[in-house]
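Taking it in order: structure first as structure tokens, then the write-up.
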Ligand SMILES: [Zn+2]
């Protein structure tokens with residue numbers, strides 16, 4: 001690889017997702033995008049458990065402790081975000097569904113301001 005070559009060559013994949021294909025094709029695209037995200041960074045189950053514990057299993061977006069939290073990628077995978085723990089925050093399913101293309105770092109906000 002020359003020093004001018006891009007570090008990753010997965011970006012052309014991102015444009016293909018708009019091509020509405022079969023469920024199988026979309027599943028393959030998700031797999032490819034997650035593989036690309038993991039090239040940028042990964043996290044362990046222990047890191048995820050520690051992150052949830054840091055926020056007492058609360059959703060960092062709405063603050064609820066009444067729903068299970070799931071991994072939200074601060075910079076979405078489909079926008080080139082990594083799967084590193086620094087790009088992950090605990091969201092409840094309701095907030096995760098409402099998120100859209102917002103990439104606000106609620107975990108960082110809660111570390112400074114609390115709930
Ligand atoms: Zn929430």
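The numbers here are math on the coordinates, done by the rules we state, and not lab data. What you are looking at is a predicted structure, and each value in this text was computed from that prediction instead of being measured. Here the Cβ positions follow ideal geometry from the backbone for every residue, glycine too, while neighbour counts run over all protein chains shown.
Brief remarks follow.
- Global geometry of the stretch 48-102, whether rounded, prolate or oblate, following the gyration tensor of its Cα atoms and the 1.5 cut on a/c: oblate
- Burial ranking of peptide ranges 38-45, 86-93 (average Cβ count within 10 Å, highest at the top): 86-93, 38-45
- Full-stretch length increase - residue 79, residue 26 - with 0.36 nm per residue and alpha-carbon distance subtracted: 17.5 nm
- Computed over the stretch 21-113, the P(r) curve from all C-alpha pair distances, binned at 10 Å from the origin, holds 17, 45, 31, 7, 0 percent per bin.
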